[in-house]
Structures are given as structure tokens and as C-alpha cells.
Amino acid sequence: MNGYVTFYVGISKISKIIKFFTWAGVDGPSHAAFERGNGQVIEAWHKGGVREVVSRNHGHTPGTKIIRFKIEGMTVLQEERMVEFMLDQLRKKYDWWGIASFIRRKVWHRDNAWFCSELVFAAAKHAGIDLLARIEPYKVSPALLFTSPLLIKIDEVITRDPE
């Protein structure tokens with residue numbers, strides 16, 4: 001397996017708001033993505049929706065901590081299915097209503113729109129990987145996804161230069 005579930009412990013204003021409303025704490029993640037073996041990242045981004053970018057630093061504030069995890073037991077076929085699912089979602093809108101659900105504790109999820117951790121979780125589920133038992137993707141914040149017992153920490157870095 002060459003891909004990673006990648007978390008961002010953001011320091012921007014929007015990251016701090018996300019962490020507050022998802023109970024992530026100061027050191028918890030505000031964003032989740034999937035980094036492919038070639039270094040490209042697929043993510044649901046608040047500016048423009050689901051995208052694939054050439055670097056895990058792309059668009060992130062310098063000083064943001066990035067923590068990468070492998071998924072325990074994930075096969076090459078499962079990784080391929082995850083990536084295929086995520087690529088099929090490219091250019092779909094960002095799910096601002098889904099994010100509002102964390103604030104209001106009411107389900108406002110929109111079909112054909114994604115927020116970051118929802119996309120990663122749904123892709124894993126599509127590939128037959130149950131990162132968290134008995135939970136639907138629209139309920140998964142970055143902080144909740146970060147608690148999956150199947151995630152094995154690989155490394156962490158701090159972003160330095162904007163790209």
C-alpha cells in the first residue's frame with residue numbers, strides 16, 4: 001500500500017472554527033484527505049469542492065501540522081477502489097450544509113457534495129474498510145475519523161511554504 005489518510009492540524013481561522021465545533025481541541029485535526037503513493041492528494045476543499053492537487057501542502061497555511069496514517073490491513077485492491085471512488089467525486093461541491101450539521105446537531109447533508117472527512121470515510125467504506133463501526137459518513141468529522149483504531153501513524157511534518 002502506498003496511500004495515506006492524511007490529517008491537518010490547521011492554524012487558520014477556519015481551521016480553529018472547525019476544531020471548536022467538532023470537539024477536536026487545539027491539537028486535533030481540522031481537515032482530512034487521502035494522499036496517493038505519487039504524492040498527489042485527493043480532498044474535499046472548502047474552495048471549489050473535491051479536488052486532486054500535486055502536494056499535501058497545497059493551499060494549507062504554513063505552520064500547519066500534517067500527520068499521515070496507513071490503514072491497517074488495507075490491500076492494494078482496496079486502495080485502488082478508494083482512489084477510484086474519490087476520483088469519481090472530483091469537482092463535486094463542498095458540503096457546507098454537512099459542516100453546519102456539526103454546529104446545529106441536525107442532519108443537513110446534501111447528496112453529491114462532500115466535506116473532507118466524509119469523503120475519506122465514504123471512500124474507505126466503498127472499498128470495504130470499516131474505519132469506524134456503525135456510523136454514516138456524513139457524521140464523521142476529522143476529529144472522529146482521527147480516532148479510528150485501523151489508522152497507524154507513519155509520520156508528521158509542518159508545512160513551511162505556501163504552494
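A few points about this structure:
- A Förster radius of 22 Å combined with the Cβ-Cβ distance from H126 to K47 puts the calculated FRET efficiency at roughly 0.30.
- In Hz, Karplus ³J(HN,Hα) per residue of the stretch 123-138 (6.51, -1.76, 1.60; θ = phi - 60°; x = Gly, Pro): 5, 5, 4, 4, 7, x, 10, 9, 5, 9, 6, 6, 9, 8, x, 5
- One chain, two ends: T147 and L90. Fully extended at 0.36 nm per residue, the span grows by 17.9 nm beyond their Cα-Cα distance.
- When the Gaussian network model of the chain links Cα atoms closer than 10 Å, the mean-square fluctuations of D130, D95, D111 top out at D111.
- Karplus (6.51, -1.76, 1.60) ³J(HN,Hα), θ = phi - 60°, over the stretch 13-21, in Hz, Gly and Pro reported as x: 4, 5, 5, 5, 5, 4, 4, 4, 7
- Under the Karplus curve 6.51 cos²θ - 1.76 cosθ + 1.60, θ = phi - 60°, whole-Hz ³J(HN,Hα) for the stretch 51-63, x wherever Gly or Pro sits: 9, 10, 10, 7, 8, 5, 7, 3, x, 8, 5, x, x
- Those chymotrypsin sites (Phe, Trp or Tyr not before Pro) in the stretch 1-106 that DSSP places in a loop and that have at most 15 other beta carbons within 10 Å: W23
- Taking every DSSP helix (H) stretch of at least 4 residues in the chain, weighting each as -39,500 (n - 2.57) and dividing the sum by the residue count yields a mean residue ellipticity at 222 nm of -8000 deg cm²/dmol.
- Shown here for the stretch 1-98: trypsin sites (Lys or Arg not before Pro) in loop regions (DSSP other than H, G, I, E, B) with at most 12 other Cβ atoms within 10 Å, namely K47, R91.
No value in this document is a laboratory result; all are computed from the given coordinates. Please read these numbers as outputs of a predicted model, since none were measured by experiment. Because the Cβ atoms are built from the backbone with ideal geometry, glycine has one as well, and the counts that use them run over all protein chains shown.
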